[in-house]
Structure formats: C-alpha cells, structure tokens
C-alpha cells in the first residue's frame with residue numbers, strides 16, 4: 001500500500017505545480033553569460049533610440065546593430081564588475097554626483113512646469129520689450145514678427161526669476177550653519 005501512495009502523491013504534486021497561475025518566462029532576445037535581455041526591454045530601448053535619433057531607420061540590419069551594441073555594453077559592464085570597478089571610491093563618487101545632478105534637474109524641471117502655469121506675459125510687456133530691444137528695430141523686424149520670440153523670452157525670464165525666488169524661499173526656511181573658521185582656514 002505504501003508503494004502505491006508515493007506515486008500518487010508525486011502525481012498530485014506534479015499536477016499542482018504544473019497548473020500554477022504563474023506566467024511563463026518572458027522571451028529574451030539575447031543572453032550574455034547569466035544576463036538576459038527580455039524582448040520587452042529590447043523593444044523599449046529600441047523605441048527610445050528611435051525617439052532620440054530621428055534619423056534612425058528601423059530595419060533588420062539596424063535591429064541587429066542595436067542588439068550588438070547592447071551586447072557589447074553588457075560585456076563591458078560584466079568585465080568592469082568582475083574587476084570590482086563598480087566598488088571603487090571614484091566610481092561611487094561619480095555615481096553620487098550624477099544621481100544628485102539628475103535629481104536636482106528633475107526637481108527644477110517639475111517646479112518649472114508648475115510655475116509656468118501661473119506665468120502671464122501681457123501685450124504691453126511684449127511691446128515695451130520690443131521698444132527696448134534695438135536689435136529688432138535695427139534689423140527691420142516688425143513687432144508682429146518678433147512677438148512670439150519676445151513673449152517666449154519674457155516667459156523664460158519670469159520662470160527663472162520665479163525659480164530663484166522659490167530656491168531663496170527654501171533657503172530662508174532651512175536651518176543652515178556655516179563653520180566660517182573651517183571655511184576660511186588657511
């Protein structure tokens with residue numbers, strides 16, 4: 001009887017594991033050592049490349065060349081990791097600087113969009129700026145032709161001033177202490 005129970009239990013276990021709801025693994029376009037490039041990642045990166053470079057034409061050859069570039073990049077990353085370059089202080093510091101710069105840029109972009117919604121440039125401001133700007137008059141450019149350029153320039157100036165005021169406000173609300181003795185140490 002015991003010999004009969006073991007195969008039955010194994011069959012039940014096989015049926016339960018074989019009928020699980022887990023999705024099948026995503027197909028990969030390439031595998032480089034233990035690293036796989038899922039098809040969806042490849043296509044997303046390819047779409048980004050096409051958006052970034054308008055001259056990029058999608059052909060079988062360009063797909064192959066793009067994949068070759070991804071493979072080359074992954075091989076170099078794997079070699080750099082093997083040599084522990086990703087743990088060197090210089091590398092970590094550069095990543096921190098990049099991370100900080102990207103974070104600040106994204107914050108400024110977001111705040112700039114938010115502030116832009118409230119920026120208004122009046123027709124009087126455009127006309128006054130036109131009158132002050134001799135380059136338009138000397139170049140024979142009439143106000144209607146210069147209108148959009150002036151408006152956009154004034155919007156950007158107002159946005160820059162609003163961003164600076166926002167940063168100044170952040171600073172005024174922050175608790176900042178400067179050790180001048182160490183700062184000016186010679």
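The values are calculated or read from the model by the stated rules, or taken from the named source; none is laboratory data. These figures come from a predicted structure and were not determined experimentally. As a convention, Cβ positions derive from the backbone with ideal geometry for all residues, glycine included, and neighbour counts pool all protein chains shown.
Residues are listed down the side, and each one gets a yes or a no for (1) free of Cβ contacts under 8 Å to residues at least 12 places away in the same chain; (2) under 27 Å from the mean Cα position of the chain (by Cα); (3) outside the structural domain of residue 36 (by TED's automatic domain parsing):
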position	(1), (2), (3)
103	yes, yes, yes
124	yes, no, yes
127	no, no, yes
130	no, no, yes
133	no, no, yes
142	yes, no, yes
156	yes, yes, yes
159	no, yes, yes
162	no, yes, yes
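Taking the condition of being free of Cβ contacts under 8 Å to residues at least 24 places away in the same chain and closer than 20 Å to residue 36 by Cα, how many residues in segment 74-85 meet it?
Count: 6.
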